[in-house]
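Here's the structure we're looking at; comments come further down.
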Amino acid sequence: MTRSLTCALLVCWLCNTLFVASQQAELLSQLPKHYFWNEVTGDTQYEDPGDVPLHDEEGNCYWLDDAGQRLEEDPNAGKYEWVESWSEEHNRPYYYHQANHISTWDKPADLAWRRVYLPDEPDSSAQPESAADSTLA
């Protein structure tokens with residue numbers, strides 16, 4: 001092969017490689033950054049089940065208001081059937097159903113949704129973590 005043909009083939013291969021890499025980057029940028037996991041039922045889904053809290057580095061729950069300001073309490077808690085409360089006597093959370101006026105120590109599935117963040121760059125050789133290991137509780 002002549003030198004010019006070799007160079008032309010090398011340039012074509014390089015352009016194709018760069019094009020494929022840019023296409024992959026574009027597709028990866030469109031993938032979801034997290035999914036939702038229910039710690040009671042074990043269900044997973046990409047669709048937001050509604051008002052799932054965020055977690056900071058220490059694992060503390062928080063919500064954001066319309067202006068993006070951090071809130072320590074769920075601003076919509078009064079709208080739910082179940083609400084979480086704290087028992088000072090037992091030093092643990094309990095759950096109260098506002099319509100039926102019943103309480104339980106067991107977390108209802110409605111309140112058990114968590115965000116599970118996906119790694120920034122998928123690694124095909126890595127074994128998937130269990131959802132429990134991936135959450136910030």
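The values are calculated or read from the model by the stated rules, or taken from the named source; none is laboratory data. Just so it is clear, the model here is predicted, and its values are computed rather than measured. Backbone-built Cβ (ideal geometry, glycine too); neighbour counts: all protein chains shown. These area figures cover heavy atoms from the full protein model, side chains too; ligands, DNA and RNA do not enter into them. Shrake-Rupley method; radii C 1.70, N 1.55, O 1.52, S 1.80 Å.
To the nearest 10 square angstrom, what accessible area does E88 show with a 1.4 Å probe?
Counting only protein heavy atoms, the figure is 150 Å².
Need one number: nm distance between label points at D48 and R3, each 7 Å from Cα along Cα→Cβ, rounded to one decimal.
Placing both labels 7 Å along Cα→Cβ, they lie 6.1 nm apart.
Arrange the residues K79, K33, K107 by how much accessible surface each exposes, largest first, with a 1.4 angstrom probe.
From most accessible down to least: K79, K33, K107.
According to a simple spin-label model (label point 7 Å from Cα along Cα-to-Cβ), what is the distance in nm between Y117 and H34?
0.8 nm
Hey, if we sort D66, D56, D106 by accessible area with the 1.4 Å probe, largest down, what's the order?
My answer, sorted largest first, is D66, D106, D56.
How far apart, in nm, are the 7 Å Cα→Cβ label points at D106 and E57?
Using points 7 Å along Cα→Cβ, the separation is 3.8 nm.
With all protein chains present, calculate the accessible area of R70 using a 1.4 Å probe and round the result to the nearest 10 Å².
Number for this one is 100 Å².
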